[in-house]
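Everything on this sheet refers to the single structure shown next.
The values are calculated or read from the model by the stated rules, or taken from the named source; none is laboratory data. In this text the structure is predicted, and so the values were computed from the model without any measurement. So basically every Cβ, Gly included, is an ideal-geometry build from the backbone, and we count neighbours across all protein chains shown. Note: areas computed on protein heavy atoms with side chains; ligands, DNA, RNA excluded. Shrake-Rupley method; radii C 1.70, N 1.55, O 1.52, S 1.80 Å.
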Amino acid sequence: HGVSNARETPIQLNAADRWIISRLHQVVTEVETAFREYRFDLAAQAMYGFVWHEYCDWYLELSKVVLTDTGASADAKRGTRHTLVVVLETLLRALHPLVPFITEEIWQRVAPLAGKTGKTIMLQLYPRPRTDAIDNAAIEETRWLIDVATAARTIRAERDIPPSKIIGAFLQGGNERDRAYFERNRRALAAVARIDVSWLDATKTPPESAMELAGQSQLKVLVPLGSLIDKRAELERLKKEIEKYQRELDKARGKLTNQDFVARAPSHVVEQEKQRVQQFEEALAKLQTQRAQVDALPG
């Protein structure tokens with residue numbers, strides 16, 4: 001009914017494997033509820049989000065870390081291959097009522113790998129959620145990994161650092177659980193975020209860095225700026241960005257100070273301009289902080 005029990009033995013499941021299996025069963029629960037309430041749109045959204053934003057976006061990347069690791073055990077690699085296949089096979093059965101033809105075609109190829117037999121996916125049991133398959137500890141740990149990797153990616157994107165470039169980074173603050181997660185997931189974090197990451201003691205002063213907060217403990221993700229950027233070029237880029245946002249902010253403020261506009265425009269249009277002012281103010285504040293950080297760098 002749920003994830004197939006067919007497997008190569010023995011296998012070893014890591015936190016990411018247990019996380020994706022847990023999330024699968026949580027999503028199957030959502031889908032079961034949605035179908036019961038005839039909310040086919042919610043069923044489709046739940047499965048779409050899971051496939052794209054968890055199974056494809058994160059789990060496939062995390063699985064590569066294990067499968068390409070020469071130091072990983074054969075049991076660990078079998079565990080990840082097993083998880084990749086059985087989660088996919090279960091997803092195909094879950095999606096079949098909404099996407100009948102393509103799921104049938106793919107299932108015919110995947111089923112033997114997952115230990116399934118039968119002529120057609122139409123005669124297979126529909127997935128049922130299993131609460132005993134939900135591992136909350138694995139969910140917490142993998143969410144932590146995703147949060148930290150996302151913070152590092154945000155810093156990279158904001159400073160136009162190419163995705164292929166490995167950058168140095170520090171983690172600082174947090175608590176003992178953060179430190180334990182870091183030690184267990186250091187290689188995965190380095191691989192999915194493309195960072196050479198170290199733990200920085202709370203008593204140490206980091207170099208001038210870009211910072212994002214991650215996780216429930218607001219762990220600091222720090223990327224030193226000195227080795228990343230050309231100071232002069234970065235200051236010029238930030239100047240142009242600030243000027244652009246300042247023009248947009250002045251334009252939006254100008255509308256709100258125009259009594260004719262405020263009196264005649266529909267209320268939702270006025271509210272939209274107020275939101276634009278807030279967004280531009282926040283963007284400017286962030287850019288000005290970045291400029292101050294860069295300006296403080298030597299050179």
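Computed quantities for the displayed model
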{"item": "3J(HN,Hα) from dihedral phi, the range 80-90, Karplus parametrisation 6.51/-1.76/1.60, rounded to Hz, x for glycine, proline", "result": "6, 4, 4, 5, 3, 6, 6, 5, 4, 4, 5"}
{"item": "For Arg232, net neighbour charge (Lys/Arg +1, Asp/Glu -1) across residues whose Cβ lies under 14 Å away", "result": "+1"}
{"item": "Nearby aspartates and glutamates by direct alpha-carbon distance to Lys231 (threshold 14 angstrom, same-chain neighbours under 8 apart not counted)", "result": "Asp160, Glu208, Asp295"}
{"item": "Within the chain, percent of DSSP bridges classed antiparallel, to nearest 5", "result": "65 percent"}
{"item": "Shape category assigned to the range 135-254 from the gyration tensor of Cα positions, a/c cut at 1.5", "result": "prolate"}
{"item": "Sites Glu158 and Ser198, calculated FRET efficiency, Cβ-Cβ separation with R0 22 Å, nearest 0.05", "result": "0.55"}
{"item": "Reach of Lys274 by Cα under 19 Å, taken over aspartates and glutamates that are not fewer than 8 positions away in the same chain", "result": "Glu248, Asp250, Asp260, Glu282"}
{"item": "Label point 7 Å beyond Cα of Leu60 along Cβ direction - residues of the range 68-96 with amide nitrogen under 18 Å", "result": "68, 80-93, 95"}
{"item": "Linear extension gain, Gln246 paired with Arg39, 0.36 nm per residue minus alpha-carbon span", "result": "70.0 nm"}
{"item": "For the range 122-206: rounded, prolate or oblate by the Cα gyration tensor [a/c cutoff 1.5]", "result": "oblate"}
{"item": "Residues of the chain: accessible area per residue with a 1.4 Å probe, Å²", "result": "56 Å²"}
{"item": "Calculated FRET value between Asn258 and Gln279, using beta carbons and R₀ = 25 Å, to 0.05", "result": "0.80"}
{"item": "Dipole magnitude of the chain about its Cα centre (Cβ charges: Lys, Arg +1; Asp, Glu -1), debye to nearest 20", "result": "380 debye"}
{"item": "Length released on extending from Lys165 to Leu125, taking residue separation times 0.36 nm less the Cα-Cα span", "result": "9.8 nm"}
{"item": "Within the accessible area of the chain (1.4 Å probe), percent carbon and sulfur", "result": "53 percent"}
{"item": "The chain: calculated mean residue ellipticity at 222 nm from DSSP helix runs of at least 4, using -39500 (n - 2.57)", "result": "-20000 deg cm²/dmol"}
{"item": "Distance from the range 269-299 to the range 165-213 (C-alpha centre basis), Å", "result": "26 Å"}
{"item": "Shape of the range 214-299, Cα gyration tensor, a/c cut at 1.5", "result": "oblate"}
{"item": "Cα long-axis angle, helix 100-110 against the chain (0 to 90 degrees, to the nearest 10)", "result": "70 degrees"}
{"item": "Over 25 Å (Cα to Cα) - which of Lys64/Lys119; Lys220/Lys286; Lys244/Lys286; Lys64/Lys165 fall in this group", "result": "Lys64/Lys119"}
